[in-house]
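Participant: This is the structure I have questions about; it appears just below.
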Amino acid sequence: MILTVILGALAGWAAKRIEPQVTDQLYRWLGDRDMIADQDRGVASLLVCLLAAAALLSLLGEGGRVFLFSVLVALGYFQEELREALLSRKP
């Protein structure tokens, strides 16, 4: 339990610090045309940290529900953009 609290606090603290690196990686993956909005980049950074902390907790035996929760949060937050990107892809 205490490990979950510590990693959660570290993930929140690290999110602002890695935002430039996450943004750079998103530009490489998505390009200018499909890049997420400015206000969502901080959320993307937070989700990266959240997923990393959840994966670490799962590896340490704290349970896989935390990782699943993080994935579902990411899918729920970005569902409109993901759906639009998937539907606009050309086969």
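Just so it is clear, none of the values below were taken in a lab; they were calculated from the coordinates. Keep in mind the model is a prediction, meaning the values are calculated, not measured. Quick reminder, even Gly has a Cβ in these numbers, built from the backbone with ideal geometry, and neighbours come from all protein chains shown.
Participant: Which residues, counting only those in region 35-54, are surrounded by 13 or more Cβ atoms within 10 Å (Cβ to Cβ) and more than 15 Å from Gly12 (Cα to Cα)?
Facilitator: Matches in region 35-54: Met35, Ile36, Asp40.
Participant: Here is a follow-up. Considering only residues that are over 17 Å from Ala55 (Cβ atoms) and among the polar types (S, T, N, Q), which ones fall in region 1-24?
Facilitator: Selection gives Gln21, Thr23.
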